[in-house]
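Chemist: Please find one structure pasted underneath; my questions will follow.
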Amino acid sequence: QVHLVESGGGLVQPGGSLRLSCVASRSLGKIYVVRWYRQSPGAQREFVASISKSGNINYEDFAKGRFTISRDNAKNTVFLQMNSLRPEDTAVYYCYANTLPQEYWGQGTQVTVSS
């Protein structure tokens, strides 16, 4: 069993930055991949970024150049640094972990980009 707790969301103006955190109840060394997803009202949940156990990193196109995923293994934490935020980035951001074969989701953290 892995519990994931996200934090760091909030209200930010366009062009601003936020750093989301996802704390896992298990060592990241025991988790195959951690991903960030997001879901806007009325839309499907979409992939944002991922970091694997081996350190392989991937981003969705809209995140490239603006978002950075990283981790602190000592704190069992994965971060999502989001810069140059846009109103269309408004969503609930979810952390996902796959331990092969099980999948886990956090409760989500709300990000609102508005002036």
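The values are calculated or read from the model by the stated rules, or taken from the named source; none is laboratory data. Since we're looking at a predicted model, the values are computed, not measured. With ideal geometry, Cβ positions are generated from the backbone for all residues, glycine too; neighbour counts draw on all protein chains shown. These accessible areas exclude ligands, DNA and RNA; they are computed on the full protein's heavy atoms, side chains included. Shrake-Rupley method; radii C 1.70, N 1.55, O 1.52, S 1.80 Å.
Chemist: Taking all protein chains in place and a 1.4 Å probe, what share, in percent, of the accessible surface of region 47-115 do carbon and sulfur account for?
Modeler: Details: 1520 of 3430 Å².
C and S fraction of accessible area: 44 percent.
Chemist: Oh, and also: State, to one decimal in nm, how far the label point of Ser54 lies from the label point of Gln102, with both points 7 Å from Cα in the Cβ direction.
Modeler: 2.5 nm
Chemist: Continuing with the same structure: How large is the dipole of the chain about the Cα centre if only Lys and Arg carry +1 and Asp and Glu carry -1, each at its Cβ, rounded to the nearest 20 debye?
Modeler: Working: 12 positive and 8 negative charges, 65 e Å.
In debye, rounded to 20, the chain gives about 320.
Chemist: So what's Rg/Rh here for the chain, counting alpha carbon atoms and using the Kirkwood radius for Rh? It would help to have the intermediate numbers written out before the result.
Modeler: Details: Rg = 13.3 Å, Rh = 14.0 Å.
Result: Rg/Rh = 0.95.
Chemist: Any idea how far the Cα center of region 63-115 sits from the one of region 10-53, in Å?
Modeler: When both Cα centres are located, 2 Å separates them.
Chemist: Shifting gears a bit: Let me check against my output: what whole-number percent is the relative contact order of the chain, with C-alpha pairs under 8 Å and at least 6 apart? The partial results should precede the final answer.
Modeler: Values: 287 pairs, mean separation 43.1, N = 115.
The normalised contact order for the chain reaches 37 percent.
Chemist: Give me the percent relative contact order of region 1-64, please, defined on Cα pairs under 8 angstrom at least 6 residues apart.
Modeler: Values: 79 pairs, mean separation 14.1, N = 64.
Relative contact order, region 1-64: 22 percent.
Chemist: How much length is gained on full extension from Val23 to Ser115, taking 0.36 nm per residue of separation minus their Cα-Cα distance? Intermediate results must be reported in sequence, preceding the final value.
Modeler: Details: separation 92, 0.36 × 92 = 33.12 nm, distance 2.95 nm.
In short, 30.2 nm is gained.
Chemist: A further question on this structure: Using the heavy atoms of the protein chains and a 1.4 angstrom probe, tell me the accessible area per residue for the chain in square angstrom. Working shown, then result.
Modeler: Values: 6010 Å² over 115 residues.
That works out to 52 Å² per residue.
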